[in-house]
1. Which number in (1) within 15 Å of the chain's Cα centre (by Cα); (2) surrounded by fewer than 18 Cβ atoms within 10 Å (Cβ to Cβ) marks the one condition that Y124 misses?
2. Output the residue which, of all residues in region 53-64 that are more than 10 Å from the chain's Cα centre (by Cα) and outside any loop (DSSP other than H, G, I, E, B), is farthest from the ligand (Cβ to nearest atom).
3. Looking at (1) among the polar types (S, T, N, Q); (2) surrounded by 13 or more Cβ atoms within 10 Å (Cβ to Cβ); (3) without any contact (Cβ under 8 Å) to a residue 24 or more places away in the chain, which is the only condition N40 fails?
Amino acid sequence: MIEEKIYNFNSHGDHRGELVALEYPKDLPFPIKRIYYIYNVPGNERRGFHSHNKLEQILIAVSGSVKILLKTPEDEKTVLLDSPKKGLYIGPMMWREMFDFSDDAVLLVLASREYDESDYIRNYEDYVKAISNMKGEGKND
Ligand code: T46
């Protein structure tokens, strides 16, 4: 069963507005090696459609909202990101798709590793095979 891991960040709010500060190891499970953000996504577009071998990430909707589908061969779960105070952790070997971006959505991603195309599994059948190989290897431990 997929159990999403949500980080609830502290926001320093006063009459001037809000500020969220994220530090490793106090607030984050890994030191950040890379940051990217996704915006201007048409509401009917879906992105992602891949898994990562090693990468860990935290996704934050710093503006607007977006839905994240987390999927394994056995299960799937949709998580709504709609607050700059909420971070969704996605670890290795989890299929993800992002969809239903609001017009004002900005999806900020904190990543544990530098960009490396060879870390991606972009074909779902390859992903299912990789999971099944991992389970096979586990049986011999
Ligand atoms: C993920 C989800 C949540 C780079 O050159 N450097 C980068 O660090 C990244 C992330 C992407 N790119 C290039 C590679 C492609 O030519 O930007 C282009 C779009 O990337 P992609 O199609 O992989 O974007 P998404 O939105 O499908 O997926 C992204 C991340 O790639 C992925 O790691 O988990 O967001």
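The values are calculated or read from the model by the stated rules, or taken from the named source; none is laboratory data. The model shown is predicted, which means the values in this text are computed figures rather than measured ones. Backbone-built Cβ (ideal geometry, glycine too); neighbour counts: all protein chains shown.
1. Looking at each condition in turn, Y124 falls short on (1).
2. It comes out as S63.
3. N40 satisfies all of (1) among the polar types (S, T, N, Q); (2) surrounded by 13 or more Cβ atoms within 10 Å (Cβ to Cβ); (3) without any contact (Cβ under 8 Å) to a residue 24 or more places away in the chain except (2).
Residue-wise test of (1) of a type in the set (A, V, I, L, M); (2) within 17 Å of the chain's Cα centre (by Cα); (3) within 15 Å of the ligand (Cβ to nearest atom).
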residue	(1), (2), (3)
V66	yes, yes, yes
Y115	no, yes, yes
D119	no, yes, yes
I131	yes, no, no
G138	no, no, no
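For every residue, the table says whether it meets (1) in a strand (DSSP E or B); (2) under 30 Å from K129 (Cβ atoms); (3) at pLDDT below 95; (4) within 15 Å of the ligand (Cβ to nearest atom).
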position: L19; (1), (2), (3), (4): yes, no, no, no
position: D27; (1), (2), (3), (4): no, no, no, no
position: P42; (1), (2), (3), (4): no, no, no, yes
position: S51; (1), (2), (3), (4): yes, yes, no, yes
position: S83; (1), (2), (3), (4): no, no, no, no
